[in-house]
1. Hey, any idea what the orientation-averaged projected area of the convex hull of the range 422-482's Cα atoms comes to, in nm²?
2. Between A305 and L262, what is 0.36 nm times their sequence separation minus the Cα-Cα distance? Round to one decimal in nm.
3. How would the range 332-390 be classified by its alpha-carbon gyration tensor: rounded, prolate or oblate, with rounded meaning a/c under 1.5 and the a/b versus b/c comparison settling the rest?
4. Based on other C-beta atoms within 10 Å, arrange R482, R335, R265 from fewest to most.
5. Using only the Cα atoms of the range 393-496, what semi-axes does the equivalent ellipsoid have when each is the square root of 5 times a gyration tensor eigenvalue? Give whole Å, largest first.
6. Sort E97, E196, E268 so the one with the fewest other Cβ atoms within 10 Å of its own Cβ comes first.
7. Based only on the alpha carbon positions, what is the Kirkwood hydrodynamic radius of the range 154-201, in angstrom?
8. In what order do R388, R256 fall by count of nearby beta-carbon atoms within 10 Å, going from fewest to most?
Amino acid sequence: MNSSSSHQLRKLVRGVVSRRGFLGNIYSGLAGIGVAHLLANEIAAADSAATVPTNTLEWQPGQGMTHFAPRAKRVLQIFCPGAASHLDLWEHKPSLEKYDGKPLPGEEGVLSFQGKNGPLMRSPWPFKPAGETGKMISSMLPHMAKHIDDIAFIHSMTSKTNTHGPGCVFMNTGEDTEGFPGVGAWMSYALGSANENLPTYVAIPDMRGEPPNGKANWSNGFLPAQHQAIVMSDQNSIRSLELPDSVSTQEEKATREFLQTLNQRHLEANAGNSELRARMAAYELAARMQLSAPEVSDLAAESSAAHHLYGTADTNKQKAAYARNCLLARRLLERGVRYVSLYCASRASGVDGLLNWDAHKTIKPDYERHCPVFDQPTAALLTDLKQRGLLDDTLVLWTTEFGRMPTRQEGTTGRDHNPDGFTCWMMGAGVKPGVSYGATDEFGRRAAINPTTVWDFYATVNHILGFDHQRLTYYHNGLDRRLTSVHGNVIQEILA
């Protein structure tokens with residue numbers, strides 16, 4: 001379909017009914033399903049090229065329009081809950097090795113989240129140079145080391161909280177209290193769907209459970225309900241997708257058509273009710289997902305080479321489960337899901353560091369449990385995206401809620417919480433490869449060079465996706481709300 005015919009078709013469709021309504025009407029019947037899939041891709045592809053420069057036409061959310069030319073059209077966010085230690089994974093500090101066992105200068109016996117801290121503590125594992133850049137990375141991440149030249153590290157991240165629940169929500173929504181939209185919800189609101197048969201925003205929890213504060217991390221907040229994430233994973237597929245034996249295909253088709261007629265009449269009588277429209281859209285999506293979701297989650301369709309690359313059959317059950325979720329994430333991204341949040345670990349348990357990266361007491365055995373789960377599958381996902389050309393228009397984020405102290409907690413061999421300096425990184429579309437931005441001080445205690453906020457981080461994400469973060473707003477309770485609150489500056493130094 002050429003651009004002229006695609007334009008005429010979109011004009012015809014929008015002159016009769018909305019895009020969602022059109023696809024909903026033609027969905028019934030196998031022929032309609034094929035046409036819906038074709039037109040969804042055609043319309044989304046054409047819409048995604050539309051930009052609205054400053055001071056020209058009014059930007060409209062959900063139409064694939066951006067403020068300026070985007071570099072990425074989808075996002076993969078990998079989140080490691082529990083405050084993964086920057087000092088033991090990503091940021092090498094020779095001074096910790098030199099002064100191991102000595103007091104932290106100026107902060108001897110400092111009190112942090114769980115109380116008094118002891119002396120400085122070196123990482124239990126050596127750091128090794130990787131890639132052509134020679135960037136130092138923990139020897140516990142040999143597979144991730146192969147991607148070091150493609151990553152833009154931000155070593156000067158800061159948080160406004162040192163508590164896991166608020167910290168995770170802050171990193172995922174830009175606010176440290178619940179009730180605000182997740183980043184993926186903002187992108188769903190801004191960009192709309194690229195595949196009408198799949199959700200715009202998907203959250204993939206770890207097999208060990210949800211992260212701290214659970215569903216608040218992927219909530220729609222005050223945005224219309226249709227923008228909340230659909231939760232799915234390899235371990236927990238979406239329920240109720242198959243017809244009961246007592247209902248025939250013809251009955252289901254007739255019921256859906258009749259229900260759609262009633263819904264449309266009810267919507268016309270309640271114009272402007274976003275909750276009603278969102279509920280209808282959710283049911284329409286659920287009907288379409290009866291065919292699309294089983295296909296996208298069918299990992300058996302992948303080659304044995306792909307399964308070997310990811311490690312889906314590993315004897316470590318947690319690693320194998322996370323590997324399958326990584327493979328699912330790739331399948332979702334390549335089928336047009338706009339935003340995928342992939343979690344590696346869950347909320348805290350009765351034993352620190354058992355289910356997530358919160359290593360208060362014994363960092364060595366804790367991270368020797370978590371790093372192998374994370375390393376190979378994550379690296380495989382990045383390799384797979386790159387080999388398929390998906391990194392050309394996919395932005396990859398690695399995040400955690402805050403960092404950890406350079407000292408050991410008093411009486412332990414673990415590290416306490418540290419919101420004053422930690423590492424996150426970006427990779428893929430629009431990102432300058434092989435760079436490190438900012439740094440903590442010589443011991444890793446505080447962001448010392450180019451301190452960076454969560455709002456700066458997401459202002460940059462918005463920019464790569466083609467949005468001015470100050471103009472991507474939603475009116476709520478008397479305010480034009482935005483992901484970056486009233487803060488945020490684009491980190492120009494990491495842009496390609």
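1. For the range 422-482, averaging the hull's shadow over all directions gives 5.6 nm².
2. 10.6 nm
3. Oblate, since a/c reaches 1.5 and b/c is not below a/b.
4. With the fewest neighbours first, R482, R335, R265 line up as R265, R335, R482.
5. Ellipsoid half-lengths, sorted descending, are 29, 19, 11 Å.
6. E268, E97, E196
7. The Cα-based Kirkwood calculation yields 12.3 Å.
8. Ordered from fewest to most neighbouring Cβ atoms within 10 Å, R388, R256 come out as R388, R256.
Where a number appears in this text, it was derived from the coordinates with a stated rule and is not lab data. Predicted model, so just to flag it, every value in this text is computed and none were measured. Note: ideal-geometry Cβ built from the backbone for every residue, glycine included; neighbour counts use all protein chains shown.
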